[in-house]
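Have a look at the structure below, then the notes.
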Amino acid sequence: MILLEAKGVNVVYQPGRGERIWAVRDVSLSLEEGEFVGVVGESGCGKSTLGFALTQMLQPPAFLESGVIEFRGVDIAGLRGEGLRHQRRRGFAVVLQSGMNALNPVRTIHHQIGDVLQAHKLGGEHWSKDAVHDRGVELLGMVGLDSSVLGRFPHELSGGMRQRAAIALALALEPELIVFDEPTTALDVIVQAALMEMIKELQRARGFTALLISHDMSVVLDATDRAIVMYAGRIVEDQGSMQMVQGGRHHPYTEALFRCYADPRADDVVLQDIPGSPPDLSLPDSSCAFAPRCTIAEGRCWHERPLLAEVGSGGAIACHLRGSSEESAMEGRQGGA
Amino acid sequence: MIGLRYFARKGAMFLLTLWAAVTLNFIIPRLMPGSPVQATLARLAAGGQTVTEATKRAIEIQLGLPHSSLWTQYLDYLVNISRLRFGMTYSITDESVAHAILAAAPWTLVLVGTSTVIAFVVGTLLGVYAGWRRQTRVDSVVTVSSTFFSAFPPFFLGLLLLYFLGFKYHMFPLTGGYTPGLVPQLTLSFLGNAVYHSILPAVTLVVTSLAGWVLGMRNNMINTLGEDYVLFAEANGLRNRTIALLYVARNALLPNVTGFGLALGAVIGGSVLVESIFGYPGIGSLLLLAVDNRDYPLMQAIFLLITVSMLVTIFLVDLLYGLLDPRVREA
């Protein structure tokens, strides 16, 4: 069953008069129930903006210019105010990048969990102090925190604990979709690994759909079922994570991203960066946005924008050379080797 | 919940500062060139009287000029102020300083204190509303109008009000804290009379200090609205009222509380200009009287009162802050 389906999503930032930045361009994607999907790309590729658009969290100067976002068949793009608020219970939640600052500094965790529960009373639900306490202990247990954390203020917790507490708050909504926006970026590597492990287990145990947004290819491929690669506001590749790791056909940008990471067990580590920088998002793109940085770009890439096209094994790639036909696939394999 | 150590540390700090303030209040007048005796003699000489050694002695005795060592004077001073004995005032015949201050203080406390509280509460609420509804028409109206009124100097607004509402249209009395002839007492009719007299000065004080609270709170609100925990609260679908009050305003209030404490501490010093324009029988008018008459005992006592009340309110605000912001308790 499809839980969320987005069609033709365009998000524009309008920071000043006459200035328009197309951060997300014509993105369509669908999330199956219980699926764990990752979105990767470098800074400014629109991945977080996409996550915010899907959960109706865009703040001015950003706004959804066009597109349909259906959650369980209901178009949520037009929802505002109370209508949107009611969708959040048993709907969609977000865990922010700066989870460290996602908690109100002057309220205890107990109160903040209480705030979430009180805000979404279903018929017949009554959240007494004891009921909030019991539910709080349960939620903290899910994220591996001790019940003593309930009485604490955010500044009394470590960064990793705060991010876990923030996840517990999101879980209080019993969401069917959680968007994790760079949940581990602000943490050190050890805490990062433990937190990702916890998120994976939580997702498996509770069966919610998860969208993991990260700039870290290895984190995404390790955790997810399917990975989406974004470049300059567009999806350039969408494939199963296993297929991504195993090789096969890739968008040149994905290959370039792979070369940015090294096998920690290798004797000789050669890391490559991607020369050049992403294009100016205030300009329209009539050609392939990656062409100026692409090592295999040819004539067509400079005039015509490649569309996201199915390749074998259920994936899709937006590239003139690596997508679509068998012939270009062969070329691609030689070029990539 | 709140740490006892926090209170103990703040209390010790308070006592130390209090001692320093009291001691400075003793030292500073003694460091000033000249003495009250010389000032009086100069005044007499300027008036054409012959000043002899006997006159000087007489004045020294009258003013009680001390001849003991500085150390003894300091101990006497400490004993005297602990018993609230500040000597006699020169400005009012047969009146002790303590008595004069005690008579003036309630007027100032009620007028300036109430105005400060009203300005803070109204200003903060307006600021919360304007900040929450930022960049709407309500916000513009609130911000622009409060800035406009605060641009008036208090004495000027006071004079305008007196001229139009008092002098031209006889809606309010021109001067005083109550109708002359009445005896200050706690009866309903007297209190009514006093409130009626205090309306114009109170309006002056509230209107001119309102904008500070409005703009301060509005800016804090807008800063806090950009915090991640507000965004996260929205993502979790909290009610708008919960977010506005418990997440945004609750955090935005903290800097304003400090300002409020300082404003309250300044209340007892009165508002010299406003009190003197309205002929209000408060500490501000008393201080003006003391300065006019070179009334050292009265001045010194009022300065001490201002310092001590400032310290006490800062201490209380510190304690309150500990309750409001859990982060400072351990700091």
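Derivation of every value follows stated rules applied to the coordinates shown; laboratory data play no part. It should be emphasised that the depicted structure is a prediction, and the values quoted were computed from it without experimental measurement. So basically every Cβ, Gly included, is an ideal-geometry build from the backbone, and we count neighbours across all protein chains shown.
What is the spin-label model distance, in nm, from B:Leu188 to B:Arg30 if the labels are put 7 Å beyond Cα along the C-beta direction?
Rounded to a tenth, the inter-label distance reads 5.5 nm.
Going 7 Å from the Cα of B:Arg133 along its beta-carbon direction, which residues of segment B:216-240 have the amide nitrogen within less than 20 Å of the resulting point?
Correct set: B:216-226, B:239-240.
Compute a Gaussian network model of chain A, connecting alpha carbons closer than 10 Å, and tell me which residue from A:Ala205, A:Ala53, A:Ala166 fluctuates the most.
Evaluated over chain A, the most mobile residue of the options is A:Ala205.
Placing +1 on the Cβ of each Lys and Arg and -1 on the Cβ of each Asp and Glu in segment B:1-135, which of B:Thr23, B:Gln62, B:Thr89 has its Cα farthest towards the positive end of the resulting dipole?
B:Thr23
Given the options A:His86, B:Val272, A:Phe63, identify the residue whose Cα lies farthest towards the positive end of the charge dipole of the protein assembly as shown (+1 on Cβ of Lys, Arg; -1 on Cβ of Asp, Glu).
After comparing all options, I get B:Val272.
Among A:Arg265, B:Arg43, rank each residue by its count of other Cβ atoms within 10 Å, from fewest to most, as a rough exposure measure.
Least to most surrounded, the residues fall as A:Arg265, B:Arg43.
Angle check, please: helix B:296-324 long axis (alpha carbons) against the longest principal axis of chain B (alpha carbons), in degrees 0 to 90, nearest 10.
Tilt of helix B:296-324: around 20 degrees.
For A:Ser28, list long-range residues whose amide hydrogen, built 1.01 Å from N in the peptide plane, is under 5 Å from its own amide hydrogen.
A:Gly8, A:Val9
Taking neighbour counts of Cβ atoms within 10 Å as a proxy for exposure, in what order, fewest first, do A:Glu182, A:Glu65 appear?
By the 10 Å Cβ count, ascending, the order reads A:Glu65, A:Glu182.
Give the share of C-alpha pairs in each 20 angstrom bin for chain A, from 0 to the last occupied bin, in whole percents, shortest bins first.
Histogram of Cα-Cα distances, whole percents per bin: 29, 55, 15, 0.
Under 5 Å between amide H atoms, partner at least 5 residues away or on a different chain: which partners does B:Gly87 have, H built in plane at 1.01 Å?
Those qualifying (amide H under 5 Å, at least 5 residues apart or on another chain) are B:Val97, B:Ala98.
Would you work out the relative contact order for chain A, in percent, from Cα pairs under 8 angstrom that are 6 or more residues apart?
19 percent
Just add up the charged neighbours of A:His215: K/R +1, D/E -1, any other residue whose Cβ is under 13 Å from the Cβ of A:His215.
Value of the local net charge: -3.
With +1 on each Lys and Arg Cβ and -1 on each Asp and Glu Cβ, how big is the dipole of the protein assembly as shown about its Cα centre, in debye rounded to the nearest 20?
Its charge dipole is roughly 2560 debye.
If one takes the longest principal axis of the Cα atoms in chain B, at what angle in degrees, from 0 to 90 and to the nearest 10, does the Cα axis of helix B:53-63 lie?
With both axes taken from Cα atoms, the answer is about 40 degrees.
Using the Cβ atoms and a cut-off under 11 Å, what net charge is assigned to the surroundings of A:Ser48, where Lys and Arg are +1 and Asp and Glu are -1?
Net charge around A:Ser48: -1.
At 0.692 mPa s and 37 °C, plugging the Kirkwood radius over alpha-carbon pairs of the protein assembly as shown into Stokes-Einstein gives what diffusion coefficient in µm²/s?
D = 106 µm²/s.
Within segment A:36-98, list the chymotrypsin sites (Phe, Trp or Tyr not before Pro) lying in a DSSP loop whose Cβ has at most 10 other Cβ atoms in a 10 Å radius.
Within segment A:36-98, no chymotrypsin sites (Phe, Trp or Tyr not before Pro) qualify (loop, at most 10 other Cβ atoms within 10 Å).
Sort chain B into rounded, prolate or oblate with this rule: let a ≥ b ≥ c be the square roots of the eigenvalues of the Cα gyration tensor; rounded if a/c is under 1.5, and if a/c is not under 1.5, prolate when a/b is larger than b/c, oblate otherwise.
The shape class here is oblate.
How much FRET efficiency would the formula 1/(1 + (r/R0)^6) give for B:Val144 and B:His170, where r is the Cβ-Cβ distance and R0 is 30 Å, rounded to 0.05?
E between B:Val144 and B:His170, to the nearest 0.05, is 0.40.
Mind listing the long-range amide H neighbours of A:Ile228? Cut-off is under 5 Å, sequence gap 5 or more, other chains count too, H placed in the peptide plane at 1.01 Å from N.
A:Gly38, A:Val39, A:Val40
Specify the angular offset, from 0 to 90 degrees and rounded to the nearest 10, of the alpha carbon long axis of helix B:137-150 from the longest principal axis of the alpha carbons in chain B.
10 degrees
Roughly how many debye, to the nearest 20, is the charge dipole of segment A:190-291 about its Cα centre, given +1 on each Lys and Arg Cβ, -1 on each Asp and Glu Cβ, and no other charges?
Charge dipole of segment A:190-291: 360 debye, to the nearest 20.
Could you list the GluC sites (Glu not before Pro) in segment A:283-322 that lie in coil according to DSSP, counting only those with at most 13 other Cβ atoms within 10 Å of their Cβ?
Those satisfying the criteria are A:Glu298, A:Glu304.
Using a simple spin-label model with points 7 Å from Cα along the Cα→Cβ vector, what separation in nm is obtained for B:Leu323 and A:Gln272?
Taking the simple label geometry, B:Leu323 and A:Gln272 are separated by 6.6 nm.
Using helices alone, I'd like the mean residue ellipticity at 222 nm for chain B: each DSSP H run of four-plus residues gives -39500 (n - 2.57), total over residue count, nearest 500.
Roughly -22500 deg cm²/dmol at 222 nm, from the helical runs in chain B.
Sort B:Arg30, A:Arg80, A:Arg17, A:Arg164 so the one with the fewest other Cβ atoms within 10 Å of its own Cβ comes first.
So the residues, fewest neighbours to most, are A:Arg17, A:Arg80, B:Arg30, A:Arg164.
In sequence order, what are the phi-derived ³J(HN,Hα) couplings for segment B:93-98 according to the Karplus relation 6.51 cos²θ - 1.76 cosθ + 1.60 with θ = phi - 60°, rounded to whole Hz, with x for glycine and proline?
3J(HN,Hα) across segment B:93-98, in whole Hz: 5, 6, 10, 7, 4, 4.
Can you tell me the dipole magnitude for segment B:4-82 around its Cα centre, using point charges on the Cβ only (Lys, Arg +1; Asp, Glu -1), in Debye to the nearest 20?
Charge dipole, segment B:4-82, about its Cα centre: 400 debye, nearest 20.
Once you list every other residue whose beta carbon is under 15 Å from the beta carbon of B:Gly11, what net charge do they have if Lys and Arg are +1 and Asp and Glu are -1?
Every neighbour counted, the sum reads +3.
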